[in-house]
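Just so it is clear, none of the values below were taken in a lab; they were calculated from the coordinates. Please read all numbers here as calculations on a predicted model, not as lab measurements. Counting neighbours? That spans all protein chains shown, and the Cβs are built from the backbone with ideal geometry, glycine included.
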Amino acid sequence: MQYELRQQVIEPRRKTFQHLIERYGDRGASRYEEGTIDVQATENFHYRPLWDPAHELYDQDYSALKLTDPYTFTDPRQYYYAPYVASRAELHESFGKTLGYLESRDLFDRLPDGWRTVLMQLMVPLRHYESGAQLVTVNGARFAYGTTVEQCLSYAAFDRIGNAQLLSRVGITAAGGTADALADAKRAWVDDGSLQGLRRLVEELLVERDWATGVVGFDLVDRMLYPLLYRYLDEAALLGGAGAYSLVAQHLTGWFADHRRWIDALIAAWVTDEQHGAANRSALGAIVTARLPQAIEAVTAVATAIDGAIDVGAIDAVRRQAQELTAALDATMNTEEMA
Amino acid sequence: MANTKKLSMKQRYSALTRDLDWESSYVSEEELFPHTKFEGIKIHDWAKWEDPFRLTIDAYCKYQAEKDKRLYAVLDGFAQSQGHLTLSDARYLNAMKLFLQGVTPLEYQAHRHFGYLARHLNGPGPRFAALCQSIDELRHTQTEIHTLSNYNKYYGGLHSWSKMHDRVWYLSVPKSFFDDAISAGPFEFLIAIGFSFEYLLTNLLFVPFMSGASFNGDLPSMTFGFSAQSDESRHMTLGLEAIKFLLEQDEGNVPIVQGWIDKWFWRGYRVTALVAGMLDYMLPRKVMSWKEAFELYFEEQMLGGLFKDLEFYGITPPRHVEHAIAEKDLLSHQVYWTLYSFSFAAAFTTTVPEAGERAWLAEQYPDTFNTFYKPRWDKAQAIIDGGGRFFFQGLPQLCQTCQIPMVFTEPGDPTTLCQRHSVYRGERFDFCSDGCKWIFDREPEKYVQAWMPVHQIYQGNCGGPSVPEVLAWYGIQDGDNGEYTGSLDHLDWRRWHASEPAVASTTKES
């Protein structure tokens, strides 16, 4: 049995906005497309910025990395605001549950000493690293050219402050609802030798004038740090009786996988761009040359401190990751030649 | 030293936002924040910034996701039920065409440039507040597009809003306004948009559209308006905190901020001229007159309330405000007559107000309508009765600052056009008012750069020398422009309603 509703049928004059019809034909467009494609102004800007008169208000030349048409790149996750906040609401809710569980079972207190050191003196201080990432990323959100690109950066910037808050909440909970651990974490971030390579890198990336140089440079550090802290140590934590560490790390691993989807797609779009591909590859190559050794050194210092606390082979893991990352970057740079 | 007390809500918020900051040592503060010195604003202690709201990321995402779920449910239901057929009239959508072409791109600009503040202000408190506003503004951009997307399928004028915002003459009014703000320094932007646009003028700019929606059966836009309300109230408190913070930090900031209030009041007020025309003439079912809106939202709430509070800091009501007050009886009529005369080159239609509307206008504007403006409409009607339609032949002169055609009249004399000019580097520039001339004169090197639509047409940069070529370059399609009566929207509307009272029927099958 079923019933059939009749509706008044009116033939639409067009199925979507004109700029989408011109790109994709007159077909129904998704909300991602309608809310993203060709949204940013592209011409007839009235005034030059007082803070940078050499550029237009929106200008490809804010970066050496360019796309012939920024809308050839789209977010593989198709995030516009509504699905973005829905997905992050879920992430934070699920993290909140984890934190509640850890607190109710006193699992932070029951961490083996070495693991507690790693958590409090290395992981929680990274809330400042995340905060730095937010600043580097939001700079891209303002200065990137085209809504597809900047929208990913805007959400990523919001994500990074979200990550910073998530790590801070670990610190607050592990210190019994006080700010003691956060104060220690800030001291570690500012003073501990094991974190100074990272902090120096973050501060240097913050003052990069080319937004993409900052964002890509930061990504190189992420690609060394995230797999070490949240994937490799997650495995080690399970073997080492540090369940609390693993339960926290899984959320950051999950986030990083989601994050990689757009940034890998953007890098792929840059290196294969028909007009700017070669120049982009050379600009990316320059960033890698300048920042990858620094990133490896900074994360090795973190690994050294980890091994000092729990001796899980973190230094070797970083060495392997560095090789893998170098190989992956080589492959990326040679994409066009391989094709 | 260990602080062993549990965190209060306020301390917790602070720990999760501003405490994420640290003092850099590998690079200097000047390198980190290179844009916060040149405007002359002095900030001695960024920690004195009072957070205007306290939403952590988890709470923000949860709350916003719930709001969006409700909003999109309304949009889907309205689309599925052909809800557009229940609007007061198809011509109501002219207001929403103006909104999508003129306002939505400003939401987007706000999104981008609050991102700039989220990077470039030295203080972590205001940076985080700006980050939240940046992403809110992206929400507004997208929800507005999605709200109006369904109308775009059935009506003209909505299809090319972003290209039009970059090209069409009357849209250079809002575009140049916002370009002016984002090309300024970070503190001026904060006062221009955070304070003047989002606080001082928001009830005049934004609310008339949303109230118009609710009076005219536009459920999606009305729902959007309500859904944006809690975001907007956060933005308003940010704007208010911004101005208080700047004024409290250093006495030397007061004259700088006063200059910006003076500039941005008049700059924003001139943008609201388009809203005035919309409110009095485009809505088939009236909400309130421009005059009434101006008296309530500006004279009473701002001059009578806000500026009384700001007196304490030595801030006075904006320069040229007396001209705006004196103009409240004239503004909408002068603007809409201009739109009527030039709507062959617009992406909306206009029409002579109906008899009932003329009576309403006469009632709302007893001192001016019958004397100055009704005779014009009578003439326009006589031309229509004779089988014609009045359009202005030729291109108007635009004000170099606000870019509105020079249609406003001398203060105190509604029959003489107001014209001002300045000479800069040997060239003459014209203005519609003392306010616009004053703004130009304090930064001539900025305003001479303006992309003036009429000049650009004469210079051959807009598709060609003829009207059809320019319209094609604007992206205007058949049926978007000109007279409403007999337009494509009007004919479709009549056809869709011809078989009424037909009711969609429900049949059951087994």
Within the stretch A:208-250, the residues that are under 21 Å from A:Ile263 (Cα atoms) and either among the β-branched types (Val, Ile, Thr) or in contact with a His (Cβ under 7 Å, 6 or more places away or on another chain) (or both) are A:Thr213, A:Val215, A:Val216, A:Val221
Only unsatisfied item for A:Thr42, checking (1) of a type in the set (Val, Ile, Thr); (2) in contact (Cβ under 8 Å) with a residue 40 or more places away in the chain; (3) in a loop (DSSP other than H, G, I, E, B), is (2)
Examine the stretch A:188-209 for a residue that is within 10 Å of chain B (Cβ to nearest Cβ), over 25 Å from A:Ala322 (Cβ atoms) and buried (at least 21 other Cβ atoms within 10 Å of the Cβ), and state whether such a residue exists. no
Test for A:Ala290: is it surrounded by fewer than 18 Cβ atoms within 10 Å (Cβ to Cβ), under 17 Å from A:Gly197 (Cα atoms), among the hydrophobic types (A, V, I, L, M, F, W, C) and in contact with a helix residue (DSSP H, G or I) (Cβ under 9 Å, 6 or more places away or on another chain): yes
Being under 16 Å from B:Phe206 (Cα atoms) and facing chain A (nearest Cβ under 7 Å) is the requirement here; does B:Arg119 meet it? no
Scan the stretch A:92-141 for residues that are facing another protein chain (nearest Cβ under 8 Å) and either closer than 18 Å to A:Arg200 by Cα or not aromatic (Phe, Trp, Tyr) (or both) and jot them down. A:His92, A:Glu93, A:Gly96, A:Arg127, A:His128, A:Glu130, A:Ser131, A:Gln134, A:Leu135, A:Val138, A:Asn139, A:Ala141
Scan A:Val85, A:Val9, A:Val118 and give me the residue that is more than 30 Å from B:Tyr474 (Cα to Cα), surrounded by fewer than 16 Cβ atoms within 10 Å (Cβ to Cβ) and hydrophobic (A, V, I, L, M, F, W, C). A:Val9
From the option list A:Gly313, A:Gly277, single residue qualifying as at positive phi and surrounded by 14 or more Cβ atoms within 10 Å (Cβ to Cβ) is A:Gly313
Hits in the stretch A:3-31 (condition: in contact with an Asp or Glu (Cβ under 7 Å, 6 or more places away or on another chain) and more than 7 Å from chain B (Cβ to nearest Cβ)): A:Thr16, A:Leu20
Cβ pairs under 6 Å, 6+ apart or interchain, first in the stretch A:65-92 and in contact (Cβ under 8 Å) with a residue 24 or more places away in the chain, second among the charged types (D, E, K, R) and in a loop (DSSP other than H, G, I, E, B), ordered by first then second residue, are A:Leu67/A:Asp273; A:Thr68/A:Asp273; A:Thr68/A:Glu274
Determine, yes or no, whether B:Asp136 is within 11 Å of chain A (Cβ to nearest Cβ), acidic (Asp, Glu) and closer than 30 Å to B:Ser172 by Cα. yes
Leading residue by the ranking (farthest from the chain's Cα centre (by Cα)) among those in the stretch B:114-127 that are part of a helix (DSSP H, G or I) and surrounded by fewer than 24 Cβ atoms within 10 Å (Cβ to Cβ): B:Pro124
Report whether or not A:Asn163 is of a type outside the set (Asp, Glu), in a helix (DSSP H, G or I) and at the interface with chain B (Cβ under 7 Å from one of its Cβ atoms). no
Selection count, the stretch B:428-458, where residues are out of contact with any Leu (no Cβ under 9 Å at 6 or more places or on another chain), farther than 22 Å from B:Trp260 by Cβ and more than 12 Å from chain A (Cβ to nearest Cβ): 1
Selection within the stretch B:1-46 - aliphatic (A, V, I, L, M) and more than 10 Å from chain A (Cβ to nearest Cβ): B:Met9, B:Ile41, B:Ile43
Has the stretch A:45-56 got at least one residue that is in contact (Cβ under 8 Å) with a residue 12 or more places away in the chain, within 13 Å of another protein chain (Cβ to nearest Cβ) and not in a loop (DSSP other than H, G, I, E, B)? no
Per the filter on the stretch B:420-439, residues small (Gly, Ala, Ser) and under 21 Å from B:Thr338 (Cα atoms) are B:Ser433, B:Gly435
